[in-house]
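All remarks here apply to the structure that follows.
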Amino acid sequence: MFAIDSLLVKIALIGVIGIGAQWLAWRTNKPAIALMLVAGILAGPVLGLIDPERDFGELREPIIKLAVAVILFEGGLSLKFRELRQAGLAVFMLVFLGVPIGWALGTAAAYYGAGLPFELAALFGGVMVVTGPTVIAPLLRSLNIAPRVKHILKWEAIVNDPIGALLAVGIYSYIIHGGAEANSIGIVTDVVAASVVAILLGGAAGFALTWAFPRGWVPEYLKAPVLLTTVIAVFVLSDLILHETGLITVTVMGVVMANRETYSTHMLQRFKEDLTVLLVSGVFIILSATLDWEVVQNFQLRFVVFLLLLLFVVRPLTIMIALLFTRIPLNERLFIAWIAPRGIVAVAVIGLFALRLSDYGIAGAEALVPLSFGVVIATIFAHGFTAAAFARWLGLDRGKGDGVLLVGANSWTIAFAEFIKKQERKVLVADPSQLALRRARRAEIPVYHGDILDEAHDDALDMGEYQQLIAATDNDSYNALVCSELAPEIGHDRVSRLIGASRNDSQRRGRVFTLGGTPVEEQLDRLQAGWSFSRTKITEKFTYADFVARMKATGGDSLAVARASGELAIFARHHRPSVDAGDEIWSFVPPDIPKPRKPADEAAVAI
């Protein structure tokens, strides 16, 4: 029997609470980070279930640091240089102009607003230039805004994280080496030299793995473990040279690997994404559970002035000045100026230096921890719960994507696309053959010329605009591959495929489209025989049971249900979505079905 206070129970509890908060955020469409923060506070100082300092002791700091390293590496792994085609100048300005401006304004706000001593204000202002990929990524995932804005915020968050930590390292070294009597030039030289070494180490590790993986030096089943071990090793090695430079190393390593071919990119990225979700959940629960009542009591009213300055003066001024001479539209600049939640790196770095400065007897260091938690809580709630509404107000929110992406241009998909277009839904037909797309263009259906699996499709297509993807080429294996590759991005419940005439469903990737699982060849024959697409309104008088009876009698095939909420759910051979009164069912019906007349009371029917 395990005691309730055993470490094993606490680790399991952290996992359950963290992932449970993420699941609840998904179900309620609320910011995941905010719910994890609340969950951690409830589990820690409120209920006393978790006390990280007592439960983990000296292991707490290395656990958090290693988790942050893996999280930043995964963030770097998502940075594609092609994203900079539209956002490159803005990212450059935010890093090389925005960081010093944000540092100066943040220092002034901490000094005059929070009343911190100048050296501590400079340290705190340096850390506040970070925005944090752990909070930006979940927030952006819930928004359907222009890719350029997402790319700018993502790059800023990931690149600025290690920069903010290094600024804190420099100020910390300045403080402990005597303040005004310290050798400032020597400190700057040491930080710059260590940063260069960290960049070279991260780049070398990234190049080494991207050279070894494609050449078969590492078997497939060991690639993910080798990658994770290498990330941890180079992070620790760089951190031994100078504290916090390991964050630069893992970020650079991730960027290098993101832009070089490994022939296992998707597999490795999914592994890192899954691991990052676990780490983000765990670390946020641990950090928020660390917030005890003594820390809360140290939060002073004057800190509120600093928070207001940070939210409404420091960040907006930094962004508006940094992006002043770019071509970024005003509404996008305003949105970027508002979105700046802080997360793990800010709390972890401040907590680390606050502890060390307190040990050195630096006056005012005890105020850093409650102030950092105040910043995290204020920014997460302020930005997390207002981002969607602010995007709508600025005209950036493109709404929930309701489109259908059809992969494969043939007579059936083009006819289906024409039907979807008549329902006033966005539709796109993708095919690598210009010849196959000619008929779709003549019907004025939007097309995408190219292989949907080509990595370049990220630049041409915004997958957030599509609720459903249907792979309907005449190649079973390709259809299954499309579903397998794109399901993590769109959702496994939103990808489906037509199968070949053999009705072979041995490849369990993607739902088999239509309730009857009809092969693509048979659908083409049906279309040539005069079958057509139809939509049927389900009402209280003409129920779904009535519709099913009619389809059984006529031999029609159910395709999808368009719900009153606007959601589109597909019928699959092993999946039948729920249907309620007010929904419309799309079907493919033979030509001899009599068209029912529409009753005067609007009860029924096929339209």
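One residue stands out among those in segment 240-260 that are surrounded by fewer than 21 Cβ atoms within 10 Å (Cβ to Cβ) and not hydrophobic (A, V, I, L, M, F, W, C): the one that is farthest from GLY76 (Cα to Cα), which is ARG260. Scanning segment 299-337 for residues that are crowded, with 17+ Cβ neighbours inside 10 Å and of a type in the set (D, E, K, R) yields ARG315, GLU332, ARG333.
Of the residues making up segment 165-178, those that are assigned to a helix (DSSP H, G or I), among the small types (Gly, Ala, Ser) and open to solvent by 10 Å² or more (accessible area, probe 1.4 Å) are GLY170, SER173. Of the residues in segment 587-595, at least one is crowded, with 19+ Cβ neighbours inside 10 Å, at pLDDT 90 or above and of a type in the set (Gly, Ala, Ser). Run ALA25 past the list (1) touching a Leu at 6+ places or on another chain (Cβ under 9 Å); (2) open to solvent by 40 Å² or more (accessible area, probe 1.4 Å) and report the number of the one that doesn't hold. ALA25 satisfies all of (1) touching a Leu at 6+ places or on another chain (Cβ under 9 Å); (2) open to solvent by 40 Å² or more (accessible area, probe 1.4 Å) except (2). Screening LEU405 with (1) crowded, with 18+ Cβ neighbours inside 10 Å; (2) more than 22 Å from the chain's Cα centre (by Cα); (3) modelled with pLDDT of 90 or more gives one miss only, at (2).
If you go through segment 324-338 and pick out every residue that is outside any helix (DSSP H, G or I) and out of contact with any helix residue (DSSP H, G or I) (no Cβ under 6 Å at 6 or more places or on another chain), you end up with 4. Do the conditions hold for LEU105, that is, is it open to solvent by less than 30 Å² (accessible area, probe 1.4 Å) and out of contact with any Gly (no Cβ under 6 Å at 6 or more places or on another chain)? Considered against the rule, which asks whether it is open to solvent by less than 30 Å² (accessible area, probe 1.4 Å) and out of contact with any Gly (no Cβ under 6 Å at 6 or more places or on another chain), LEU105 comes out as no. Look at segment 395-422: where a residue is closer than 18 Å to ARG526 by Cα and touching a residue at least 12 places away in the same chain (Cβ under 8 Å) and a partner is open to solvent by less than 50 Å² (accessible area, probe 1.4 Å) and in a loop (DSSP other than H, G, I, E, B), sitting 6+ places away or on another chain with Cβ atoms under 6 Å, you get GLY408/ALA472; GLY408/THR473; THR413/ALA472; ALA417/ILE445; GLU418/ALA443. Residue count for segment 134-164 under the criterion of being in a helix (DSSP H, G or I), over 18 Å from PHE96 (Cα atoms) and within 11 Å of the chain's Cα centre (by Cα): the result is 9. Residues that are in contact (Cβ under 8 Å) with a residue 40 or more places away in the chain and crowded, with 19+ Cβ neighbours inside 10 Å within segment 30-47 comprise PRO31, ALA32, ILE33, ALA34, MET36, LEU37, ALA39, GLY40, ILE41, ALA43, GLY44, PRO45, listed in sequence order.
With respect to the conditions (1) surrounded by 23 or more Cβ atoms within 10 Å (Cβ to Cβ); (2) outside any helix (DSSP H, G or I); (3) more than 25 Å from the chain's Cα centre (by Cα); (4) not charged (D, E, K, R), GLY125 lacks only one, and its number is (2). Take the conditions crowded, with 19+ Cβ neighbours inside 10 Å, touching a residue at least 40 places away in the same chain (Cβ under 8 Å) and either over 27 Å from TRP26 (Cα atoms) or not polar (S, T, N, Q) (or both) and apply them to ILE362. Does it pass? Criteria met by ILE362. Can you work out which of the residues in segment 209-225 that are surrounded by fewer than 16 Cβ atoms within 10 Å (Cβ to Cβ) and assigned to a helix (DSSP H, G or I) is nearest to the chain's Cα centre (by Cα)? Among those residues, the one meeting the criterion is PRO225. Go through segment 191-216 and give me each residue that's aromatic (Phe, Trp, Tyr) and at pLDDT 90 or above. Within segment 191-216, PHE207, TRP211 qualify.
Just one of the listed residues (ILE50, ILE64) is part of a loop (DSSP other than H, G, I, E, B) and surrounded by 20 or more Cβ atoms within 10 Å (Cβ to Cβ), namely ILE50.
Contact map, segment 472-495: residues that are over 16 Å from ASP454 (Cβ atoms) paired with residues that are in a helix (DSSP H, G or I) and open to solvent by 20 Å² or more (accessible area, probe 1.4 Å), Cβ distance under 7 Å, separation 6+ or inter-chain. Pairs shown: PRO488/ARG270.
Here GLY132 meets the list (1) surrounded by fewer than 22 Cβ atoms within 10 Å (Cβ to Cβ); (2) at positive phi almost entirely, failing just condition (1).
ILE19: in a helix (DSSP H, G or I) and open to solvent by 30 Å² or more (accessible area, probe 1.4 Å), yes or no? Yes, satisfied. Only one entry in THR379, THR386 is open to solvent by 20 Å² or more (accessible area, probe 1.4 Å) and among the β-branched types (Val, Ile, Thr), namely THR386.
Scanning segment 339-390 for residues that are aromatic (Phe, Trp, Tyr) and within 20 Å of the chain's Cα centre (by Cα) yields PHE381, PHE385, PHE390. If you scan segment 533-550, which residues turn out to be surrounded by fewer than 19 Cβ atoms within 10 Å (Cβ to Cβ) and without any contact (Cβ under 8 Å) to a residue 60 or more places away in the chain? The answer is THR543, TYR544, ALA545, ASP546, VAL548, ALA549, ARG550.
The values are calculated or read from the model by the stated rules, or taken from the named source; none is laboratory data. Everything numeric here is computed off the predicted structure, so don't read it as measured data. Note: ideal-geometry Cβ built from the backbone for every residue, glycine included; neighbour counts use all protein chains shown. Note: accessible area is taken over every heavy atom of the protein model, side chains too, but ligands, DNA and RNA are not part of it. Shrake-Rupley method; radii C 1.70, N 1.55, O 1.52, S 1.80 Å.
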